[in-house]
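Student: Sharing a structure, written as structure tokens. Questions coming.
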Amino acid sequence: MRVLATIGFSFSAGVFLAALLPWNGWQLYAAGGVLLLALAWLFAARKQKYFRRGLLLLLPLAVSLAYFAGYDHLVRQPIEDRCGAASDFAATVCDWPQATERGAKITVELEGYHRARAVLYGEAELLAARPGDTVTGTAQWQSAAHFDSDDVTHFNARGVYALLYGREDVRLSAGDGDALRWLPQRAGKAFREKVAAIWDDPRVSGFLTAELTGDKSAMDDGDYLAMQETGLAHLFAVSGLHCAFLVTLLALLISRRQRLLCAVTIPLLLFYMVMVGMSPSVVRACIMQIFLLIAPLFRRGSDPLTSLAAALLVILLCNPFAAASVSLQLSFSATLGMVLLSPRLYKLLTGWYKGKCRPLRTALCFVAANLSATLSAVVFTAPLTAWYFRIFVLVAPLSSLLAVPAAGWSFMAAFVTVLLGFVWLPLASLLGWISWALVRYILWIANGMMSWRYHAVYFTNPYLIYWLLFLYAVFIGCAVTPDGKRKYLLASALSVLTLTAAIWVNRQDYQYGVLTALTLDVGQGDCFFFRDGNGKNYLIDGGSSSVDAAGRYRLEPFLKFRGVKRLDYVWVTHGDVDHLNAVEELLERRKYGVEIQYLIFPEQKYWDERLIKLCNLAEEAGTKVRVMEMDTIFLSGKLKMRC
């Protein structure tokens, strides 16, 4: 029995329940109830076959619920109690600052609070801060868990519990920035600067910075969108793929002797983990790689489930609120899928070939290994991407097959090139052409596939949700029924047919004669889409006060799915944020998304600051601005509108 795996997954299940369920204050009562159940099991099932396993499930579950409640009370709640007012603070800078529209922001560790962080917003002078410096002053404290009436998880999942808006008296002073503790942060910055020095092509340098360090801030927006839309954005979440590349590179450069490899690789993995920011995906990957490396030294076989459970246990012990991190959920789901399904899929994809042609078998194994890894990860992550991002990437298996091997070589080549750049930059610049060619190839694949109309489907209607549920039901049915390979072929054919039907039904559902009309779900806001019989597209309002990036993740996918590359006319009725912020995003992302030809405003006497800003943005984007007065009639073919 996998004792550590059982304990780890049971503890993690309790933390996930405590973090994700919407109620508050129930965790201690639930912990007491589970503990009583464990005691009852202890006395009632002592002679049962599953007695030990039952205790290993119940006791960690009770401990996890109590641990979450205690952590919340001791770490997060004292910060929450100070939020909502202006007060003094003292903190240590723990990362490099970032520029904002109004100055700068930095992540700091608050003094006097155990393991609590905050994000400090202030003037541009904060851009001079270094990790280890001290910052003091007065700030307005705001909870990082609540914005207005909305709950958010992004900050708490990173251990950030407050947002500090600095006043005029914020002071920055030198600290122990040269201490060994901050060496990974200094190395990370030097790494990013060296990448920019070696590759003068901003698209390539931005890509490699994201691939090597996880920092996507320098990446071209269009390239990142293409990577997202084709299922390749996981290359920038530093994870098992990157750690495996790093271990492979070290094994090639150092030695295959296990003890020496462990002595060199494990410290470097830990250093790399801190250097790239200790995201859940990289912490998980490093712990699993360490388990894999040391298992032979103890004459034990490596067990992926045990190492996965141990990694999850460590992360949640350090910060139980990390359970709400989308990055953690996607990373662990993908890894669990590869552990459980990938070997079976690989066997299924290669088992049919009985020939002896070595080149053909090698090619088949290469394709099968990539497809089995991608498909097994997609099986477990598709519900999460559908829930969080409302997208299902249909070309992901093909894009991964074509791009991921090249990404592995580009990572290893770029890593060696950057290290060489610290020794002799001219030689590194020459060697950098290898990575340049590989990155250009990957971007060519991503941008090319994104241009395919049905490269992805977007869950903007119930029919595709029904299709996804049907897809899982069919393949789960195949998995639990007796062996047979034809059933999977039949299930695949049915999936393609039902997907085609879902897309067709959705296109017909809002077609009324010569006019297509649809109210788009953008949460708290308004957005109405029309298409006339001449193929012209119209939008009335587009905004949301309850959905983040509604233009990028709601409106833009909806339009792309219907093949809309240009909105001929867009009306903005007034300047409220829930009527126009999605339109702002379309204008800002016009190069990568949807073009707006005419933007129609109300009379100028109704203009406010937001409408003026939107008008300026439209003019910068090359969109023509028009004003429509009261009772004006708009005619286009058979379409008639009155203001």
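The values are calculated or read from the model by the stated rules, or taken from the named source; none is laboratory data. Just so it is clear, the model here is predicted, and its values are computed rather than measured. Every residue, glycine among them, receives a Cβ derived from its backbone with ideal geometry; neighbour counts consider all protein chains shown. The protein model used for the area step is the full one, side chains on, heavy atoms only, and it has no ligands, DNA or RNA in it. Shrake-Rupley method; radii C 1.70, N 1.55, O 1.52, S 1.80 Å.
Student: If I filter the stretch 186-201 down to residues being open to solvent by less than 30 Å² (accessible area, probe 1.4 Å) and not small (Gly, Ala, Ser), which single residue comes out as farthest from ASP133 (Cα to Cα)?
Tutor: For the stretch 186-201, the residue satisfying everything is ASP201.
Student: Another question, then. For the stretch 91-102, name all the residues that are surrounded by fewer than 20 Cβ atoms within 10 Å (Cβ to Cβ), in contact (Cβ under 8 Å) with a residue 24 or more places away in the chain and over 22 Å from ASN319 (Cβ atoms).
Tutor: ALA99 - this is the single residue of the stretch 91-102 that is surrounded by fewer than 20 Cβ atoms within 10 Å (Cβ to Cβ), in contact (Cβ under 8 Å) with a residue 24 or more places away in the chain and over 22 Å from ASN319 (Cβ atoms).
Student: Also, I was wondering about something else. State whether one or more residues within the stretch 77-86 are touching a residue at least 24 places away in the same chain (Cβ under 8 Å) and in a strand (DSSP E or B). Explain how you work it out, then say what you get.
Tutor: Here is the first cut: in the stretch 77-86, the residues touching a residue at least 24 places away in the same chain (Cβ under 8 Å) are 78-80, 82-86.
Still in the running and in a strand (DSSP E or B): 86.
Yes, the stretch 77-86 has at least one match.
Student: So, one more: Taking the stretch 565-593 as the region of interest, how many residues are closer than 24 Å to HIS455 by Cβ and either surrounded by fewer than 19 Cβ atoms within 10 Å (Cβ to Cβ) or of a type in the set (D, E, K, R) (or both)?
Tutor: 8
Student: With a cut-off of at least 3 residues that are more than 20 Å from GLU229 (Cα to Cα), name the helices (runs of 4 or more DSSP H) lying wholly within the stretch 520-639.
Tutor: Helices (runs of 4 or more DSSP H) meeting the threshold: 577-588, 609-620.
Student: Here's another thing I want to ask about it. So GLU109 clears everything in (1) surrounded by fewer than 19 Cβ atoms within 10 Å (Cβ to Cβ); (2) free of Cβ contacts under 8 Å to residues at least 40 places away in the same chain; (3) out of contact with any Cys (no Cβ under 6 Å at 6 or more places or on another chain) except one condition, right? Which one?
Tutor: Failing condition for GLU109: (3).
Student: Same structure, new question: Of the residues ASP176, ASP133, which single one is in contact with a Gly (Cβ under 7 Å, 6 or more places away or on another chain) and modelled with pLDDT of 90 or more?
Tutor: Result: ASP133 is the single residue among ASP176, ASP133 that is in contact with a Gly (Cβ under 7 Å, 6 or more places away or on another chain) and modelled with pLDDT of 90 or more.
Student: Quick one: count up the residues across the stretch 202-212 that are touching a residue at least 60 places away in the same chain (Cβ under 8 Å) and surrounded by 23 or more Cβ atoms within 10 Å (Cβ to Cβ).
Tutor: Final tally of qualifying residues: 5.
Let's see how each residue does on (1) of a type in the set (Lys, Arg); (2) out of contact with any Leu (no Cβ under 8 Å at 6 or more places or on another chain); (3) in a helix (DSSP H, G or I):
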{"residue": "GLN140", "(1), (2), (3)": "no, no, no"}
{"residue": "ALA162", "(1), (2), (3)": "no, no, no"}
{"residue": "ASP169", "(1), (2), (3)": "no, yes, no"}
{"residue": "LYS189", "(1), (2), (3)": "yes, yes, yes"}
{"residue": "VAL195", "(1), (2), (3)": "no, no, yes"}
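Per-residue answers, yes or no, for (1) buried (at least 18 other Cβ atoms within 10 Å of the Cβ); (2) under 30 Å from ARG158 (Cβ atoms); (3) of a type in the set (S, T, N, Q):
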position: LEU336; (1), (2), (3): yes, yes, no
position: THR362; (1), (2), (3): no, no, yes
position: PHE366; (1), (2), (3): no, no, no
position: LEU371; (1), (2), (3): yes, no, no
position: SER376; (1), (2), (3): yes, yes, yes
position: ILE391; (1), (2), (3): yes, yes, no
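Student: Follow-up. Quick check, is ALA5 open to solvent by 40 Å² or more (accessible area, probe 1.4 Å), modelled with pLDDT under 90 and of a type in the set (Gly, Ala, Ser)?
Tutor: For ALA5, the condition - open to solvent by 40 Å² or more (accessible area, probe 1.4 Å), modelled with pLDDT under 90 and of a type in the set (Gly, Ala, Ser) - is not met.
Student: Of all residues in the stretch 529-564, how many are closer than 24 Å to PHE392 by Cα, surrounded by fewer than 21 Cβ atoms within 10 Å (Cβ to Cβ) and modelled with pLDDT of 85 or more?
Tutor: Counting residues in the stretch 529-564 that are closer than 24 Å to PHE392 by Cα, surrounded by fewer than 21 Cβ atoms within 10 Å (Cβ to Cβ) and modelled with pLDDT of 85 or more gives 0.
Student: Can you find a residue that is more than 18 Å from the chain's Cα centre (by Cα) and closer than 20 Å to GLY231 by Cα anywhere in the stretch 378-393?
Tutor: No, because not a single residue in the stretch 378-393 is more than 18 Å from the chain's Cα centre (by Cα) and closer than 20 Å to GLY231 by Cα.
Student: OK, next. Are there any pairs with C-beta distances below 6 angstrom linking a residue in the stretch 282-307 that is on the phi < 0 side of the Ramachandran plot to a residue that is of a type in the set (Gly, Ala, Ser) and open to solvent by 60 Å² or more (accessible area, probe 1.4 Å), with the two at least 6 apart or on different chains, and if so which?
Tutor: Short answer, once both residue conditions are applied: LEU292/SER302; ALA295/SER302.
Student: Which residue pairs have Cβ atoms under 7 Å apart, sit 6 or more places apart or on different chains, and have a first residue in the stretch 48-66 that is under 13 Å from ALA13 (Cβ atoms) and a second that is in a helix (DSSP H, G or I) and open to solvent by 90 Å² or more (accessible area, probe 1.4 Å)?
Tutor: Going by the 7 Å Cβ cut-off, the qualifying pairs are LEU58/LEU37.
Student: For the stretch 1-21, give me each residue that is touching a residue at least 24 places away in the same chain (Cβ under 8 Å) and farther than 24 Å from TYR50 by Cβ.
Tutor: Those that are touching a residue at least 24 places away in the same chain (Cβ under 8 Å) and farther than 24 Å from TYR50 by Cβ: ALA18, ALA19, LEU20.
Student: Moving to a separate point now. Taking the stretch 120-133 as the search range and keeping residues that are surrounded by fewer than 18 Cβ atoms within 10 Å (Cβ to Cβ) and in contact with a Leu (Cβ under 8 Å, 6 or more places away or on another chain), which one is nearest to GLU101 (Cα to Cα)?
Tutor: Result: GLU125.
Student: A further question follows. Residues that are within 25 Å of the chain's Cα centre (by Cα), modelled with pLDDT of 90 or more and assigned to a helix (DSSP H, G or I): does the stretch 37-53 have at least one? Give the derivation first.
Tutor: Going residue by residue through the stretch 37-53, those that are within 25 Å of the chain's Cα centre (by Cα) are none.
Taking every residue of the stretch 37-53 in turn, none turns out to be within 25 Å of the chain's Cα centre (by Cα), modelled with pLDDT of 90 or more and assigned to a helix (DSSP H, G or I).
Student: Next question, about the same structure. Do we find a residue being under 15 Å from ASP526 (Cβ atoms), open to solvent by 50 Å² or more (accessible area, probe 1.4 Å), among the acidic types (Asp, Glu) and at pLDDT 75 or above anywhere in the stretch 608-620?
Tutor: Checked the stretch 608-620: no residue is under 15 Å from ASP526 (Cβ atoms), open to solvent by 50 Å² or more (accessible area, probe 1.4 Å), among the acidic types (Asp, Glu) and at pLDDT 75 or above.
Student: Look at MET278 and say whether it is under 17 Å from ALA237 (Cα atoms), in contact with a helix residue (DSSP H, G or I) (Cβ under 7 Å, 6 or more places away or on another chain) and not acidic (Asp, Glu).
Tutor: Spelling it out, it is not the case that MET278 is under 17 Å from ALA237 (Cα atoms), in contact with a helix residue (DSSP H, G or I) (Cβ under 7 Å, 6 or more places away or on another chain) and not acidic (Asp, Glu).
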